[in-house]
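Below you'll find the structure, written out as structure tokens, and then a few comments.
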Amino acid sequence: MKSLSQNEVSKVCLQGCCPTLLFNSSPQSHNILKPRNSSSQCRHSFAATTTSSVFPNTKFTNHESLPSFHESFSEFNQVYPQYSETEQVDKVRAKEYCHLSFSNHTCLDYIGTGLFSCYQRQQLQHLDASKTQIASSSTPPQSPPQYSDIPFFSISYKTGNLKALLLHGGHESKFEAAMRRRIMKFLNISEKDYFMVFTANRTAAFKLVADSYPFQSSKKLLTVYDYESEAVEAMISYSEKRGAKAMSAEFSWPRLRMQSTKLRKMIESKRNKKKKNGLFVFPLHSRVTGARYPYLWMSIAQENGWHVLIDACALGPKDMDSFGLSLFRPEFLICSFYKVFGENPSGFGCLFVKKSALSVLESSSIAGIVNLMPERRQDQLSEDSSGNDVEIEQKSAASSLQEEELASLTSFSGRIHTTQFEGGEGEASELQIIEVPADVDGAQRSNENHQDKNVQDSENGRFYTECRCLDQLDSLGLRVITNRARYLINWLVNSMLKLKHPNTEGAPLVKIYGPKIKFDRGAALAFNVCDWKGEKVEPVLVQKLADRNNISLSYGFLHHIWFADKYAEEKGRVLQSKEGKGQDVTGNKKKDRYNLGVTVVTAALNFLSNFEDVYKLWAFVARFLDADFVEKERWRYTAINQKTVEAAPDIQ
């Protein structure tokens, strides 16, 4: 892992490509480098330009008065002329993710990074069709070869002990090893410094840490989340059962800024110098509000005897390039990946454990750790079950011409065939992956930027799997991805704030929670739609109506909110339980403090998001300016006998 000095990291940030300044908003008592005035001025200038140049001195009180898409895009390009420098993303989207355009569906419910592109899946479908055509021709029938349906895979659960697995290793197929190497390279994490295991999902990774961390001796668990996370709540529950004392940072109403003084006090609490304080769980930024937090909280926690777990699941696709891992070196890091953006959100989680921290862990189960296996079609599985291993391998050797054709289209650098064998009772069957020399398709690799690396891996005898989405992100780079998201999310925020109800007060249609127009905000947005009286339209209903308009949104629950005395009256109106009840729910102030919050609609931009996506969301929200819009839509549901199914929050 390349080590960065503080000066080097500071320079990276000042060039404007780092999404979160390492040195911004730092605690006052920390003697650290300060950003240059030019950097601060640049950020202020960006916010001022956005506010003054996007629909200046304009408010929209009727959805029919909105400028057209082409008019808005023209103005957008005038405000952000550098957006044209990101046009390579549009080319990638058009070629590799054409389903986003053909389906006319706007995906704003994804946080995280994909592994493969839709183009890879289409190639496999094309090959399957070719094989079917060959089978139906006059050519003498041949047994189909046993191929893996990459880019899709399945998982099987492991059993055993996490600490033992990390210390002594376990069975790892060449496919898994290739995936692990590719992900660690993408995240700039060194195999020399960290262990990595695949988990079923993000929640499973958090549970593993909760089960393994020594909470009986290092009792505290301190988290920094302005929203309710299924994964974090599971970790808290497991930890408290093992003797942990759970605490949380608080966030000031209405901007939801972190209560730094309170957080520092919790971090610097007295401890036994022979023991660690506990586990500090830090998310880098909120996947709901888009708020980013100073990285130096990690250093402060480590200096005060805390182990640090970094939640990187909400980071942008290339944010780890500016993370400065060699400076902070957390004991644990969790992230997650899904398969194909906009089509197949399933995937897996990744848990990284610092090798020097292995001795800290206690023996525990490894429930949640998984093996990755190339997924095979049902017709292949049924054929496999009719023969023994020898017969299956003979089938794999048939039709070598088709093998070579598939090898150039799958995610592997060489041809493979699979051997299935039965395990013990109750155990899932496994796939043994056998590598074949990979010199056939090296010259046909679609991503030229990685061709030399593929050949090198093949020559070294290392198994290679192509994650086309990760390759594209590496090729685009941090600056292009970050700047594109910055322009889009700030235009969206500004445009939302321009929507006003047509009454004398000019009440705002949209209430935004967390940062508004800001240079280094994340590409996530938490908001609510309000009627002309200022009453909130239920987020679940907004989500359903958006879905009817081919826009996928999520909703979440903001909590750990602190109200100053001047907002005491507003507190009673704002806070509610997740079930929609008012503030006085149980009469237990301590319990209500954590059970009460604000339900919100959430939208998240991915690296593939374009101006049309944010414009469509803006135009949809503007329809709520029509006081009859919601009632009309409810009547439509009844008229066509549609059932409204309550969706569960999908924010983990």
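Numbers at a glance
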quantity: Relative contact order (%) - criterion: Cα under 8 Å, at least six apart; region: segment 155-373; calculated: 36 percent
quantity: Efficiency of FRET from Cβ geometry, D628 and S103, R₀ 22 Å, rounded to 0.05; calculated: 0.15
quantity: Packing rank of 223-230, 68-75, where each peptide gets the mean count of other beta carbons within 10 Å, highest leading; calculated: 223-230, 68-75
quantity: Charged-residue dipole, Cβ positions (Lys, Arg, Asp, Glu), segment 266-329 about Cα centre, Debye nearest 20; calculated: 420 debye
quantity: Where labels lie 7 Å past Cα in the beta-carbon direction, separation of H44 and E535 in nm; calculated: 4.3 nm
quantity: Cα gyration tensor category, rounded, prolate or oblate, for segment 230-307 with a/c compared to 1.5; calculated: oblate
quantity: Sites K185 and T504, calculated FRET efficiency, Cβ-Cβ separation with R0 45 Å, nearest 0.05; calculated: 0.15
quantity: Cross-link pairs K207/K516; K185/K578; K518/K566; K354/K518; K498/K536; K174/K318 - those with Cα-Cα distance over 29 Å; calculated: K207/K516; K185/K578; K354/K518
quantity: Difference of contour (0.36 nm per residue) and Cα-Cα distance, K95 to K273; calculated: 58.3 nm
quantity: Listed peptides 210-221, 78-89, 253-264 by packing density, highest first (mean Cβ within 10 Å); calculated: 210-221, 253-264, 78-89
quantity: DSSP bridge orientation in segment 155-373 - percent antiparallel, rounded to nearest 5; calculated: 60 percent
quantity: Simple spin-label estimate for A568 and Q78 in nanometres, 7 Å along Cα-Cβ; calculated: 5.0 nm
quantity: Distance in nm between pseudo-label sites at E64 and N550 (7 Å out along the Cβ direction from Cα); calculated: 2.3 nm
quantity: Residue order, fewest to most beta carbons within 10 Å, for D311, D471, D90; calculated: D90, D471, D311
quantity: Charge sum, other residues only, whose C-beta stays under 12 Å from A47's C-beta, Lys/Arg counted +1 and Asp/Glu -1; calculated: +4
quantity: Gain upon complete extension [K262, S359; 0.36 nm per residue less C-alpha separation]; calculated: 31.8 nm
quantity: D (Stokes-Einstein, µm²/s), Kirkwood Cα radius, segment 155-373, 1.567 mPa s at 4 °C; calculated: 73 µm²/s
quantity: Extension reserve of the T159-S475 stretch, reckoned as 0.36 nm per residue once the Cα distance is removed; calculated: 110.0 nm
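No value in this document is a laboratory result; all are computed from the given coordinates. Keep in mind the model is a prediction, meaning the values are calculated, not measured. Methodologically, a virtual Cβ is constructed for each residue, glycine included, from the backbone with ideal geometry; neighbour enumeration extends over all protein chains shown.
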